[in-house]
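Reading through the C-alpha cells given below for one structure.
The values are calculated or read from the model by the stated rules, or taken from the named source; none is laboratory data. Predicted, not measured: the structure shown is a model, and the values here were computed from it. Using ideal geometry, Cβ is built from the backbone for each residue, glycine included, and neighbour counts are taken over all protein chains shown.
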Amino acid sequence: MTDLKNIPNYVKGHGLLTGKRVVITAAAGTGIGFAAAKKCIEEGAQVFISDIHEGRLQKAQDSLDRETGQRPDYAICDVTQQSDVETLIQAAAVSLGGIDVMINNAGLGGTANLVDMRDEQWMAVLDVTLNGCFRVNRAAMQYMKENGGGVIVNNASVLGWRAQKGQAHYAAAKAGVMALTRCAGVEGAEFGVRVNAVAPSLALHPFLHKVTSQELLIELESKEAYGRGSEVWEQANVMVFLASDYSSYMTGEVISTSSQRA
C-alpha cells in the first residue's frame, strides 16, 4: 500500500482565488470535495458547501472552521432533485453575495458486472453522477450568464477513458461528464463561463477504504507511476488551478489528474 515517504509536502496557499466566491457540492466527509473546500479557503476564497448529508456537512463546517478559520454556510442538496439544485444556487448567491466558481464534485459509484447489473443500479449511478452534473452545470451556467460569467470545474474520472471490470455504469457516467464538459465549455465561452474537468485515477481517503477491497487498492496503486494513489488535496490543487485565472484560456478541457497514461 501507500508508502508515506513518497507523499509530497502539503502545498500552502498562494492567493490564487483571492476574492473569489466558490460553491462546492459533495463537500462533506473526507473526500475530494472537502479537500477542495479547504484548499479554496486557503487560496483566499469565500466558500459555500453542500452535500446530501446534513450531519456530515455540520462536521465539515466544524473542521473547516478549526483548520482554516472560515466557517462556510451550507445547503443540503440532492443533485437528483432539480428543486434542490435551484435552492443551492439561490442560497449560495445570497450567502456569498454572488457566485464566481462552481466545483461540481457529486458522484455515486458501485461495483457490478454488466451481466448482473440491475436497471436500478445503472440508473442510480447515472442519475447522481451524470444527470446531477448536468443539473448543477445548467443551474450554475444560467446564474453566471446573467451575472457576468464564472468558472465551473467538474469531477470526472479516468474511467471515462479506461475499462475496468464492474464499472460499466460509473465509467459511462464519467464519460458523459467529460462530453458534457466539452460541450458546456464551448457554449459558455459565448457569455464568459469557462467549464473544465479533472479526471482522477485514484484518490485515497477513508471512505474509499471502506467500500473497496484491500486487494483491489493494492492492484490499482501498483499501476500508478509513484506506486501510490493521490492524496485528495493533490486533486484539489488542480481544481484550484482550473478555478483560478491561471487557466483563463482553458475551456471544455479534461485534465487527467493521474500519474499514469490517460
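Brief remarks follow.
- Exclusive hit being closer than 19 Å to ALA199 by Cα, touching a residue at least 40 places away in the same chain (Cβ under 8 Å) and either in a loop (DSSP other than H, G, I, E, B) or over 19 Å from the mean Cα position of the chain (by Cα) (or both), set GLY148, GLY98, GLY132, GLY110: GLY110
- Some residue of the range 106-125 being surrounded by 15 or more Cβ atoms within 10 Å (Cβ to Cβ) and within 19 Å of VAL238 (Cβ to Cβ): yes
- Among the residues listed as SER222, SER248, the single one being hydroxyl-bearing (Ser, Thr, Tyr) and at pLDDT 80 or above: SER248
- Scanning the range 175-196 for residues that are in contact with a Gly (Cβ under 6 Å, 6 or more places away or on another chain) and in contact (Cβ under 8 Å) with a residue 60 or more places away in the chain, we see that the one that is surrounded by the most Cβ atoms within 10 Å (Cβ to Cβ) is GLY185.
- Identity of the residue in the range 69-95, free of Cβ contacts under 8 Å to residues at least 40 places away in the same chain and of a type in the set (D, E, K, R), that ends up farthest from ALA175 (Cα to Cα): ARG71
- Search result, residues across the range 8-44 that are touching a strand residue (DSSP E or B) at 6+ places or on another chain (Cβ under 6 Å), touching a residue at least 60 places away in the same chain (Cβ under 8 Å) and assigned to a loop (DSSP other than H, G, I, E, B): LYS20, THR25, ALA26, ALA27
- Flag for LEU130 being within 23 Å of VAL232 (Cβ to Cβ), modelled with pLDDT of 95 or more and aliphatic (A, V, I, L, M): yes
- In the set (1) in contact with a helix residue (DSSP H, G or I) (Cβ under 9 Å, 6 or more places away or on another chain); (2) assigned to a helix (DSSP H, G or I), ALA75 fails one condition alone, (2).
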